[in-house]
Amino acid sequence: MTSIRSGHHKINFGGGPAALPREVFEQASQAVLEYEHSGLSILETSHRGKAFAAILDESRAIIKELCGLNEDHEVLWLHGGGRLQFCMIPMNFLGEGDTAGFVDSGHWAGQAAEYAMHYGGTNILSTSREDNYRHLPKWPKDVPGSLAYLHYTTNNTIYGTQYHDVPECNVPLIADMSSDIFSKRMAYNKCALFYAAAQKNIGPAGTTLVVIRRDMQERIVRTLPPMLSYKAQVASQSVLNTSPVFAIYTSLLMLRWMKEKGIDNIEQENRKKSELLYKELERNTMFAPVVDKAVDRSMMNACFRGMSDDVERSFVTLCEQHDITGIKGHRSVGGFRVSLYNAVTVEQVQLLVDLMREFEHNKK
Ligand SMILES: *Cc1c(COP(=O)(O)O)cnc(C)c1O
């Protein structure tokens, strides 16, 4: 095996593209040189060949295992990121005279509703926009049974709030799980459709995981070009056009890593990492969490502020000196956002917490 220089690597707390485990980077690098003694790079591997069919099969099996799903759901790897799903969902399921419901819990949740307006009616059933999304909106009571579907975001990447579990719903429930899929046990099977852009918790940018309950194909309301139709994508099993083979393969490497670890261990670690950080944020006089209620706080994205602009500037500088990157908050929130995706380790979070303590000590 060609050796890969174990170069210097920063700690990436970025919101996405996110950190992946060292071994995933190594295995992906190796596959770029040669994929499993095939005499070809993974970059040259055909999306129509046996090797890729095996990659797809294994990925589907692991996804179903991690999410506790049976044959009722189909697994798709599509292009176009989270945003193309904001389009495809209403294109497929929202007729001109229909209305879809939305829980507006943050930027992405709001965007999903805005994209849907091009295709039919939208009903914002609940929102926390007036408080700049510092808490989760209440889960809507009395969801009208006439809605084509209800769309919500399980984890709000920018504002740092997260729902505990998938709620019951009397209309087809569609969930954007881009930033917390596979981070914990959830009732994934309650969703008629859920999706996740890969670059947060699954792998590199360039592919999006979509899991759709089979019967949803009968609810498609308009004729669409095949690339935009869930039915055509299911029929072609993710190889309608040239698939992003490398992005899907690297995602499979991450899926194997998660399977080996097990969802329960992953959840336990994520809980540990977020508790470690939030505890320090409660204690440290230089920082304060943005989300007031502890129950609403995300295990994946911890948002917080410094006590002054000077504190914020100098802490970013200190982190840079320690090769910690990606901690600046989204421009709509400011302050900091530390993303604790699956590949981020407890040790790395401990390092950040130690640095926060040191920072406070030196400022006093
Ligand atoms: C990042 C993100 C998106 C957007 O994904 P793109 O692939 O950039 O379109 C959508 N929803 C959530 C929850 C996200 O975190």
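The values are calculated or read from the model by the stated rules, or taken from the named source; none is laboratory data. What you see is a predicted model, and the numbers here were worked out from it, not measured in a lab. Here the Cβ positions follow ideal geometry from the backbone for every residue, glycine too, while neighbour counts run over all protein chains shown. Keep in mind that these areas ignore ligands, DNA and RNA; they rest on the heavy atoms of the full protein, side chains included. Shrake-Rupley method; radii C 1.70, N 1.55, O 1.52, S 1.80 Å.
Roughly how compact is segment 1-104, stated as its Cα Rg over 2.2 N^0.38 Å to two decimals?
Numbers: Rg = 19.0 Å, N = 104, 2.2 N^0.38 = 12.8 Å.
Ratio of Rg to 2.2 N^0.38 Å for segment 1-104: 1.48.
Can you give the Rg to Rh ratio for segment 153-216, taking only C-alpha atoms and Rh from Kirkwood? Write out the running numbers ahead of the final one.
Values: Rg = 11.6 Å, Rh = 12.2 Å.
Taking Rg over the Kirkwood Rh, I get 0.96.
Whole-Hz ³J(HN,Hα) for each residue in segment 13-28, computed from phi via Karplus 6.51 cos²θ - 1.76 cosθ + 1.60 with θ = phi - 60°, x for glycine and proline: what do you get?
9, x, x, x, x, 9, 4, 10, x, 3, 5, 5, 4, 5, 5, 5
Could you bin all the Cα-Cα distances of segment 177-277 into 5 Å bins starting at 0 and give me the percent of pairs in each, rounded to whole numbers?
Histogramming segment 177-277 at 5 Å steps yields 2, 11, 17, 21, 20, 14, 7, 4, 3, 1, 0 percent.
How big is the chain on each of its three principal axes, counting only the C-alpha atoms and giving the largest first in Å?
Result for the chain: principal-axis Cα extents of 65, 58, 31 Å.
Determine the dipole magnitude for the chain: charges of +1 sit on the beta-carbon of Lys and Arg, -1 on that of Asp and Glu, nothing else is charged, the reference point is the Cα centre, and the result goes in debye to the nearest 20. List each step's numbers first, then the result.
Working: 39 positive and 42 negative charges, 42 e Å.
Dipole size: approximately 200 debye.
Net charge near LEU173: determine it from the other residues with C-beta under 11 Å of the C-beta of LEU173, scoring Lys and Arg +1 and Asp and Glu -1. Walk me through the intermediate numbers first.
Numbers: positive: LYS190, ARG213; negative: GLU168.
Around LEU173, the charge tally is +1.
Just to be sure I understand the model, the point goes 7 Å from the Cα along the line to the Cβ. What's the resulting ASP310 to HIS79 distance in nm?
5.2
Each residue of segment 255-267 in turn: what ³J(HN,Hα) in whole Hz from Karplus with 6.51, -1.76, 1.60 and θ = phi - 60°, glycine and Pro shown as x?
4, 4, 4, 6, 4, 5, 6, x, 4, 5, 5, 4, 4
Could you tell me what percent of the accessible area of the chain is made up of carbon and sulfur, with a 1.4 Å probe and every protein chain present?
Details: 8040 of 16080 Å².
Summing carbon and sulfur atoms, their accessible area is 50 percent of the total for the chain.
Going from most exposed to least, what order do LEU84, LEU136 have by accessible area with a 1.4 Å probe? Walk me through the numbers on the way to the answer.
Working: LEU84 50, LEU136 20 Å².
The ranking, largest first, comes out as LEU84, LEU136.
Counting DSSP beta bridges in the chain, what percent are antiparallel, to the nearest 5? Could you put the intermediate results ahead of the total?
Numbers: 22 of 39 bridges.
If I count the DSSP bridges inside the chain, around 55 percent turn out antiparallel.
Grab the eigenvalues of the alpha-carbon gyration tensor for segment 267-313, scale each by 5, take roots, and send me the semi-axes largest first in whole angstrom.
Working: eigenvalues 86, 22, 17 Å².
One finds semi-axes of 21, 10, 9 Å for segment 267-313.
Please list, short to long, the whole-number percent of alpha-carbon pairs of segment 263-363 in consecutive 5 angstrom bins beginning at zero.
2, 13, 25, 28, 20, 9, 3, 1, 0
What are the residues whose amide H is under 5 Å from the amide H of LYS328, where those residues sit 5 or more places off or on another chain and H is modelled from the backbone?
It is ARG337, by chain and number.
Given the DSSP H assignment, sum -39500 (n - 2.57) over each helix run of at least 4 residues in the chain and divide by its residue total; what's the result at 222 nm in deg cm²/dmol, nearest 500?
Details: 9 runs with 129 residues, N = 364.
Only helices count here, giving -11500 deg cm²/dmol.
Please list the radius of gyration and Dmax for segment 93-136, considering alpha-carbon atoms only, with Å as the unit.
Both quantities, over Cα of segment 93-136: 10.9, 34 Å.
Please report Rg over Rh for segment 56-142, where both radii come from the alpha carbon positions and Rh follows the Kirkwood definition. Don't jump to the answer; show the numbers that get you there.
Working: Rg = 15.8 Å, Rh = 15.0 Å.
Rounded to two decimals, Rg/Rh equals 1.05.
If you rank HIS47, HIS73, HIS107, HIS8 by how much accessible surface each has, with a 1.4 Å probe, what is the order from largest down? Show your work: numbers first, answer last.
Details: HIS47 35, HIS73 5, HIS107 70, HIS8 145 Å².
Most to least solvent-accessible, the answer reads HIS8, HIS107, HIS47, HIS73.
Run through segment 63-143 and list the GluC sites (Glu not before Pro) located in a DSSP loop whose Cβ has at most 12 other Cβ atoms within 10 Å. It would help to have the intermediate numbers written out before the result.
Details: sites: GLU65, GLU71, GLU74, GLU96, GLU114, GLU130; in loops: GLU71, GLU96.
Here the sparse-neighbourhood loop sites are GLU71, GLU96.
On alpha carbon coordinates alone, what is the Rg over Rh value for segment 303-347, Rh being the Kirkwood radius? Can you show the working numbers first?
Details: Rg = 11.1 Å, Rh = 11.2 Å.
Rg divided by Rh gives 0.98.
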